[in-house]
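Step one of this worksheet: look at the structure below.
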Amino acid sequence: MKQYQPENIRNVVLLSHSGAGKTSLSEAMLFNAGVINRLGKVDAGTTTSDYDQDEIKRKISIGTTVLPYEWNDNKVNILDTPGYSDFAGEVEAAVRVCEGAVIVAAASSGIEVGTEQSWSYCENTNLARLFFINKMDRENANFDKITGEIQAKFGTKCIPIQMPVGAHTDFKGIVSLITMKYYAGERGEEADIPFEIKEQAASLRDKMVEAIAEADDGLMEKYLNGEELSQEEILSTLKKAIAEVKLFPILAGSALQNVSVNRLMSVINEYLPSPKDKKIDTSEDSAIKDITISTDGPLAALVFKTSADPYVGKLTYFKVFSGELDSNSQVWNVNQNNLERIGQLFIIRGKTQEPIAKISAGDMGAVAKLSITATGDTLCLQDKPIKIVPASHPKALFSVAVLPKTKADVDKLGPSLTRLTEEDPTLIVHRDADTGETIISGLGETQVEVAAEKMMRKFSVGVELKTPKV
């Protein structure tokens with residue numbers, strides 16, 4: 001994969017309630033981009049994103065997966081995140097390194113708790129976002145109803161820029177209210193809008209244009225004076241309003257049937273901001289505070305994820321905010337106040353690793369076997385120390401006592417718990433001074449159960465989970 005300038009990169013996090021179809025959507029995106037030659041299925045355990053054994057077993061996403069593809073001269077890094085609240089730490093970390101979000105909602109389910117949480121993640125970080133109403137091919141799919149729910153819950157600045165044609169078994173494709181063309185089926189070939197829905201499409205376009213005009217004072221004055229707005233004015237104002245978090249487009253489609261997913265991919269390219277469009281947040285104690293996102297700037301790379309593997313060791317995921325990070329180099333870890341040796345860099349896609357010489361500003365990559373670096377650390381130059389604000393992690397809510405099953409497990413318990421907390425900073429381990437028990441705390445029962453299963457599978461440590469003594 002070639003190097004891209006920051007303006008030609010899109011870092012996009014997929015957010016939703018569990019089961020809305022994020023992973024299926026990411027699979028369709030990879031297929032459309034020619035990265036994979038067949039569509040995997042969540043139920044069959046064959047998707048690119050959910051490759052972990054725990055994810056395949058439970059049929060849910062547990063960790064954030066980085067899924068890069070190339071589309072119309074841009075590189076897009078999709079971050080597929082878990083929908084279960086137990087794994088909210090993964091979501092917070094992914095949101096921190098993205099400039100845009102796609103909130104996925106199921107057309108038949110409406111707004112759910114996870115949808116509201118997804119919106120909150122974006123609000124807390126001032127993240128540009130759009131909605132993708134998925135599962136338009138399902139029974140009880142109702143675009144108008146869920147659009148009304150979105151506007152009632154999140155405001156009238158959430159505006160449809162597409163209109164689905166049909167629903168359930170009659171779902172055929174979408175009308176773009178921007179181009180006023182009809183895109184049918186998986187290929188989404190452009191055609192004229194069918195006569196019987198032209199009036200409805202025109203009415204929705206008028207509402208869209210009015211909402212776009214309201215985002216710009218000069219355009220609104222022109223609109224109120226009855227002057228026609230040019231297509232160029234509409235498109236440029238829409239893009240600016242999305243980047244400034246003033247408008248939130250609503251799109252529709254079916255990830256499983258791969259209908260209108262290619263239109264979503266084009267909207268991501270054209271309207272979601274690039275790394276150049278978002279300010280870098282540096283810590284108060286950062287020696288250098290004002291950074292421009294540029295490949296020519298001083299190196300600043302934030303570690304947003306760590307995965308522990310018994311064979312390859314620790315795999316560190318990072319985003320370069322400024323400068324370039326080279327393979328086989330030496331950098332300064334400003335958090336640990338020490339030098340770190342960088343080996344071979346990789347572009348990660350699910351479980352596959354593609355070696356690359358360097359990762360440039362705006363892009364993401366990974367490196368194995370770092371010795372001192374942890375999630376949340378910034379890698380930079382020793383003579384130009386920069387510290388980037390890391391993701392904030394939710395506090396633990398659920399605790400259990402961890403007991404080794406056999407004598408052989410006793411000695412391995414401590415090191416394996418350390419590896420788990422490196423991988424998931426929301427897991428907290430401590431020893432209760434009064435009871436002598438080892439306590440592991442997390443965001444929920446499922447998260448802790450998954451941690452126990454990982455200990456057995458990855459590190460061959462058998463444990464029992466029990467209610468802590470009082």
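Here, each number is a calculation from the coordinates, and none is a lab measurement. Note that the coordinates shown come from a computational prediction; the quantities given were computed from them, not determined experimentally. Heads up, the Cβs are rebuilt from the backbone with ideal geometry, glycines too, and the neighbour counts pull from every protein chain shown.
Side notes on the structure shown:
- Each Lys and Arg contributes +1 and each Asp and Glu -1, all at the Cβ; summed about the Cα centre of the range 6-277, the dipole is approximately 520 debye.
- Computed over the range 398-466, the convex hull of the alpha-carbon atoms projects to a mean area of 4.2 nm².
- Alpha-carbon Rg/Rh ratio, for the range 300-380, with Rh computed the Kirkwood way: 0.92
- Two-decimal ratio, the range 6-277, of alpha-carbon radius of gyration to 2.2 N^0.38 Å: 0.96
- Here the range 300-380 is assigned +1 on the Cβ of each Lys and Arg and -1 on the Cβ of each Asp and Glu. Its dipole about the Cα centre then comes out at about 200 debye.
- Computing Rg and the Kirkwood Rh from the Cα coordinates of the range 1-103 gives a ratio, Rg/Rh, of 0.96.
- Anchor Lys198: lysines whose Cα lies under 16 Å away (excluding residues fewer than 8 positions away in-chain): Lys172, Lys181, Lys207
- Cα-based Rg / Dmax (Å) for the range 242-397: 17.5, 52
- For Lys305, the aspartates and glutamates whose Cα comes closer than 14 Å to its Cα, not counting residues fewer than 8 places off in the same chain, are Asp80, Glu90, Glu92, Asp377, Glu422, Glu423, Asp424.
- Tilt relative to the chain, helix 22-32 - C-alpha long axis, 0 to 90 degrees, to 10: 70
- A DSSP coil position with no more than 13 other Cβ atoms inside 10 Å describes the following trypsin sites (Lys or Arg not before Pro) in the range 222-280: Lys279.
- Relative contact order (percent, whole number), the chain, Cα cutoff 8 Å, 6+ residue spacing: 15
- At 0.890 mPa s and 25 °C, Stokes diffusion of the range 127-271 via Kirkwood alpha-carbon radius, µm² per second: 158
- Listed residue (Val35, Leu256, Gln353) projecting farthest to the positive dipole end of the chain, Cβ model: Gln353
- Qualifying trypsin sites (Lys or Arg not before Pro) for the range 409-470 [loop in DSSP, other Cβ within 10 Å: at most 12]: Lys469
- For the chain, the share of DSSP beta bridges that are antiparallel, to the nearest 5, is 75%.
- Dipole of the chain [Lys/Arg +1, Asp/Glu -1 at C-beta], most positive-end residue of Ser203, His17, Gly63: Gly63
- Between Ser26, Ile234, Gly166, the Cα set farthest toward the positive side of the dipole of the range 6-277 (charges on each charged residue's Cβ, about the Cα centre) is that of Ser26.
- Principal semi-axes in Å for the chain [√(5λ), Cα gyration tensor, largest first]: 40, 27, 20
- Net dipole in debye of the chain [+1 Lys, Arg Cβ; -1 Asp, Glu Cβ; about Cα centre; nearest 20]: 1280
- Among the listed pairs Lys358/Lys384; Lys59/Lys369; Lys387/Lys454; Lys153/Lys246; Lys319/Lys384; Lys240/Lys387, a Cα-Cα separation exceeding 22 Å is found for Lys59/Lys369; Lys387/Lys454; Lys240/Lys387.
- Within the range 245-327, the GluC sites (Glu not before Pro) that combine a DSSP coil assignment with at most 11 other C-beta atoms in a 10 angstrom radius are Glu284.
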